[in-house]
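Beneath this line is the structure, given in structure tokens, with notes to follow.
The values are calculated or read from the model by the stated rules, or taken from the named source; none is laboratory data. Note that the structure is a prediction, hence the values are computed from the model and not measured. A quick note on method: Cβ atoms are made from the backbone with ideal geometry, for glycine too, and the neighbour counts reach across all protein chains shown. For accessibility, only protein heavy atoms count, side chains too; no ligands or nucleic acids. Shrake-Rupley method; radii C 1.70, N 1.55, O 1.52, S 1.80 Å.
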Amino acid sequence: MRLGILGGGQLAWMLAQSAEPLGVSVAVLDPSPDCAAGRIADHVVAAYDDPAGLDEVSKGADVVTYEFENVPAAAVTRLAEHGMPVLPFPASLTITQDRAREKELMSGLGIKVAPYALIDSADDAAAALEAVGAPGILKTRRLGYDGKGQVRVKSADDLPAAIAELGGTDLIYEGLIAFTRELSVVVARGTDGSLAVYPPVENEHRDGILACTLAPAPDLSAEHAEAAQAIGVAVAEALDHIGVLCVELFDTAEGIVANEIAPRVHNSGHWSIEGAVTSQFENHVRGVLGLPLGDPSVRGVAAMVNIVGTEPDLAALLAIPGASVHTYGKAPRTGRKLAHVTLVADSAEALAVPLAQARVLCDAAWDA
Ligand code: AMP
């Protein structure tokens, strides 16, 4: 079997790694000549909407999938015109490309989301404040990631300046959720509607970027864990999503509140390569190719630490007992994810020391 992937970054690289033992060959489309996945997959160097590039990446493929949600609509149209199945289906993209449609979908499913108001001009500020209040967060509806395209609004007076800063239109203003921690849930769904639901995990961010994931989320009540998983399943089913998706969540005293949906494998699921019976990457490959899904159960407890900004100290990381290091081969840059380390243990107690060691190295790379 053969899989085409739009995007050739580290997510595609790990998808290609998990495809290989299944005998599935991979081609990626990525304009960057030195993208991570290009090291192990056939690499078409072209823009995402380049018709010849799209034809090339899909040549001989059973299905084309993607590693990021901002796939141009023109790309999906071109592939569809040539009879090439694209999974997840386009609805997963069109809804998750827009924070407003995402929130609308989830509220419609009875999932709690932050109060929000849409802002299409400076004139909408007063009504948004009336509906949502302050403090809040103003976000661009589209193309935001890792905390980019958002501004904190401390008081009502700050909103007009924030609107101007983010371009004045196509914005969403959200009320601030008082969360105790951030969680996420990863769900894989097969072409036959079968499901593999990973345990909800706890995520810690730094500068708006994921720093550390604990799997499963420590001390999560059965009620909140079930609610988080039910949200993931409801979203996957409502989108008729095939493959993996992730829903980012807030854990609050009043229950679970959903923040946003990623229609793809997610950084908060990287732990599953070593920490789950079947990883999110393999389950995505299995799902989109119509193969049976694997077991998402965690093997003991796992933690994933991101290395961001500067090259990891490889020797120091490998000196941590049990550390599995994944280095993406990308040029260092402030705020850029360059590698991650996964630790797996039988108990949280056994994980504590190696995790603390990994976190020190992660912080050092971030601060350098
Ligand atoms: P997002 O791009 O929506 O994932 O937001 C980035 C980060 O900002 C989240 O991981 C949260 O830490 C924080 N955040 C976003 N929206 C809210 C909200 N409505 N209330 C509180 N914190 C938020």
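I'd like the full set of residues that are in contact with a helix residue (DSSP H, G or I) (Cβ under 6 Å, 6 or more places away or on another chain) and of a type outside the set (D, E, K, R), limited to the stretch 59-70. Let's see the steps before the verdict.
Just the residues of the stretch 59-70 that are in contact with a helix residue (DSSP H, G or I) (Cβ under 6 Å, 6 or more places away or on another chain), to begin with: 63-65, 67, 69.
The answer is Val63, Val64, Thr65.
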Check: Any residue at all in the stretch 173-189 that is open to solvent by 20 Å² or more (accessible area, probe 1.4 Å), over 30 Å from Asp363 (Cα atoms) and within 14 Å of the ligand (Cβ to nearest atom)?
Finding: no
Note to self: Every residue in the stretch 214-230 that is within 16 Å of the ligand (Cβ to nearest atom) and assigned to a strand (DSSP E or B), please.
What the structure shows: Leu214
Checklist line | Residue match in the stretch 267-275 (condition: closer than 22 Å to Val26 by Cα, within 16 Å of the ligand (Cβ to nearest atom) and open to solvent by 10 Å² or more (accessible area, probe 1.4 Å)) | finding: yes
Item checked: Matching residues, the stretch 314-333, being charged (D, E, K, R) and either surrounded by 14 or more Cβ atoms within 10 Å (Cβ to Cβ) or in contact with a Pro (Cβ under 6 Å, 6 or more places away or on another chain) (or both) -> Lys330
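Please find, within the stretch 247-256, the residue that is nearest to the ligand (Cβ to nearest atom) out of those that are hydrophobic (A, V, I, L, M, F, W, C) and open to solvent by 10 Å² or more (accessible area, probe 1.4 Å). Give the derivation first.
From the stretch 247-256, those hydrophobic (A, V, I, L, M, F, W, C) are 247, 249-250, 253, 256; that's our starting set.
Pick out the ones that are also open to solvent by 10 Å² or more (accessible area, probe 1.4 Å) and you get 250, 253, 256.
Numbers: Phe250: 7, Ala253: 14, Ile256: 13 Å.
Among them, the one singled out is Phe250.
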Check: Which one is surrounded by the fewest Cβ atoms within 10 Å (Cβ to Cβ), of the residues in the stretch 334-366 that are among the acidic types (Asp, Glu) and free of Cβ contacts under 8 Å to residues at least 24 places away in the same chain?
Finding: Glu349
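Give the residue, chosen from Val244, Val308, that is within 16 Å of the ligand (Cβ to nearest atom), modelled with pLDDT of 95 or more, open to solvent by less than 30 Å² (accessible area, probe 1.4 Å) and among the β-branched types (Val, Ile, Thr). I'd like the intermediate steps shown before the answer.
On the way: Val244 fails: within 16 Å of the ligand (Cβ to nearest atom).
Result: Val308 is the single residue among Val244, Val308 that is within 16 Å of the ligand (Cβ to nearest atom), modelled with pLDDT of 95 or more, open to solvent by less than 30 Å² (accessible area, probe 1.4 Å) and among the β-branched types (Val, Ile, Thr).
Take the residues in the stretch 131-151 that are within 22 Å of the chain's Cα centre (by Cα) and closer than 18 Å to Ala178 by Cα, then tell me which one is most open to solvent (accessible area, probe 1.4 Å). Before the answer, list the steps.
Our first condition is that a residue be within 22 Å of the chain's Cα centre (by Cα); within the stretch 131-151, this holds for 137-151.
From the residues that got through so far, the ones that are closer than 18 Å to Ala178 by Cα too are 137-139, 147, 150-151.
On the way: Ile137: 21, Leu138: 0, Lys139: 9, Gly147: 39, Gln150: 63, Val151: 23 Å².
If we take residues in the stretch 131-151 being within 22 Å of the chain's Cα centre (by Cα) and closer than 18 Å to Ala178 by Cα, then Gln150 is most open to solvent (accessible area, probe 1.4 Å).
Going residue by residue through the stretch 148-158, is there one that turns out to be in the same structural domain as Asn259 (by TED's automatic domain parsing), within 28 Å of Leu338 (Cα to Cα) and touching a residue at least 12 places away in the same chain (Cβ under 8 Å)?
At the first step, the residues of the stretch 148-158 found to be in the same structural domain as Asn259 (by TED's automatic domain parsing) are none.
Checked the stretch 148-158: no residue is in the same structural domain as Asn259 (by TED's automatic domain parsing), within 28 Å of Leu338 (Cα to Cα) and touching a residue at least 12 places away in the same chain (Cβ under 8 Å).
Listed here are the residues, each with its yes/no results for (1) within 30 Å of Ala126 (Cα to Cα); (2) in contact (Cβ under 8 Å) with a residue 60 or more places away in the chain; (3) buried (at least 16 other Cβ atoms within 10 Å of the Cβ); (4) away from the ligand (no atom under 16 Å from the Cβ).
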| residue | (1), (2), (3), (4) |
| --- | --- |
| Ala162 | yes, no, yes, no |
| Leu171 | yes, no, yes, no |
| Ser194 | no, yes, no, yes |
| Asp207 | yes, yes, no, no |
| Cys212 | no, yes, yes, no |
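Looking at Val233, is it more than 16 Å from the ligand (Cβ to nearest atom), open to solvent by less than 40 Å² (accessible area, probe 1.4 Å) and either in the same structural domain as Leu355 (by TED's automatic domain parsing) or of a type outside the set (S, T, N, Q) (or both)?
Numbers: more than 16 Å from the ligand (Cβ to nearest atom): yes; open to solvent by less than 40 Å² (accessible area, probe 1.4 Å): yes; either in the same structural domain as Leu355 (by TED's automatic domain parsing) or of a type outside the set (S, T, N, Q) (or both): yes.
Yes.
Any residue that is near the ligand (Cβ under 10 Å from one of its atoms), open to solvent by 10 Å² or more (accessible area, probe 1.4 Å) and in a loop (DSSP other than H, G, I, E, B) - is there at least one of those in the stretch 119-130?
no
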